[in-house]
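What follows is one structure encoded as structure tokens, with my remarks underneath.
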Amino acid sequence: MADHMIRLLPALTPENQHFWTGGAQGELRFLRCTRCRHLIHPPAPVCPECLSRELEVATVSGRGIVHTYTVNHQPWYPGMATPFVIAIVELAEQPGLRLTTNLVNCAVDQVKIGMPVRVLFENHDPVWIPLFEPAS
Ligand SMILES: [Zn+2]
């Protein structure tokens, strides 16, 4: 899939750089509130739980489960490889900490809600897109 996927890449900002470049070190990173330890996604300047502005960058395990998914069959541009899986993955570290992503290295008819997955990264230097694959 990745070979045929045109990505619209995010603009890097001081607020989101940790997230989009962590893959260079193989790390999935989120902002974490230093007061209540809440992990924040998408990046925001204030903790939504306690309103603290004292945030730090934290690396998580990269493990999670498929919260829900859909299979895209529509080639949105010529040459786009289909089908592929668009998934919402919930990270192991915190209920509700979810990423919208693609599931790769898995046949589309093998995807199940609740299946364990782990992160991998697709490099679009300097951006590293976090994707997920089945965890063995
Ligand atoms: Zn907080």
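Please compute the Kirkwood hydrodynamic radius over the chain, one decimal place, Å, based on all pairs of different Cα atoms.
Working: mean 1/r = 0.0636 Å⁻¹.
Result for the chain stands at 15.7 Å.
Using a probe radius of 1.4 Å on heavy atoms only, what accessible surface per residue do you get for the chain? Whole Å² is fine. Can you show the working numbers first?
Working: 7650 Å² over 136 residues.
Heavy-atom SASA per residue in the chain reads 56 Å².
Convert 10 °C to kelvin, take the viscosity as 1.306 mPa s, use the Kirkwood radius over C-alpha pairs of the range 14-73 as Rh, and evaluate the Stokes-Einstein diffusion coefficient in µm²/s, rounded to a whole number.
On the way: Rh = 12.7 Å.
Once the numbers are plugged in, D ends up at 125 µm²/s.
Note the full-extension length gain between Thr70 and Leu9 as 0.36 nm times their separation in residues minus their Cα-Cα distance, in nm to one decimal. Don't skip to the answer; put the middle values down first.
Numbers: separation 61, 0.36 × 61 = 21.96 nm, distance 2.15 nm.
Going from the current span to full extension adds 19.8 nm.
Per-residue ellipticity at 222 nm for the chain, helices alone: DSSP H runs ≥ 4 residues times -39500 (n - 2.57), over residue total, nearest 500 deg cm²/dmol?
-500 deg cm²/dmol
Going by average Cβ density within 10 Å per residue, which order do the peptides 77-84, 17-24 take, highest to lowest?
Numbers: 77-84: 11.1, 17-24: 19.0.
Most protected by this proxy first, the peptides run 17-24, 77-84.
With the dipole of the range 21-136 worked out from charges on the C-beta (+1 for Lys and Arg, -1 for Asp and Glu) around the Cα centre, which of Gly23, Pro95, Asn123 lies farthest toward the positive end?
The Cα lying farthest towards the positive end belongs to Pro95.
Could you state the number of Å between the C-alpha centres of the range 94-136 and the range 60-88?
Comparing the Cα centres of the range 60-88 and the range 94-136, I get a distance of 8 Å.
Can you pull the accessible area of Arg98 for me, 1.4 Å probe, Å² to the nearest 10?
100
Under a 5 Å amide H to amide H cut-off, with H placed in plane at 1.01 Å, what residues pair with Phe121 once short-range neighbours are removed?
Leu131
Can you tell me the relative contact order of the range 76-136? Whole percent, Cα pairs under 8 Å, sequence separation 6 or more.
Once divided by the residue count of the range 76-136, the mean separation gives 27 percent.
So what is the relative contact order for the range 1-106, in percent, with contacts set as C-alpha pairs under 8 Å and at least six apart?
21
State the extension gain, in nm to one decimal, for the chain segment bounded by Ser52 and Glu133, taking 0.36 nm per residue of separation less the distance between their alpha-carbons.
Contour length minus the Cα-Cα distance gives 25.8 nm.
Using a simple charge model, +1 on the beta-carbon of Lys and Arg, -1 on the beta-carbon of Asp and Glu, nothing else, what dipole does the range 54-136 show about its Cα centre, in debye to the nearest 20?
The dipole of the range 54-136 has a size of about 300 debye.
Please state the shape class of the range 69-136: rounded when a/c is under 1.5, otherwise prolate if a/b exceeds b/c and oblate if not, all from the C-alpha gyration tensor.
oblate
The values are calculated or read from the model by the stated rules, or taken from the named source; none is laboratory data. None of these values were measured; they are calculated from a predicted model. FYI the Cβ positions are ideal-geometry reconstructions off the backbone, even for glycines, and counts take in every protein chain you see. Side chains are part of the model used for accessible areas, which takes the heavy atoms of the whole protein and leaves out ligands, DNA and RNA. Shrake-Rupley method; radii C 1.70, N 1.55, O 1.52, S 1.80 Å.
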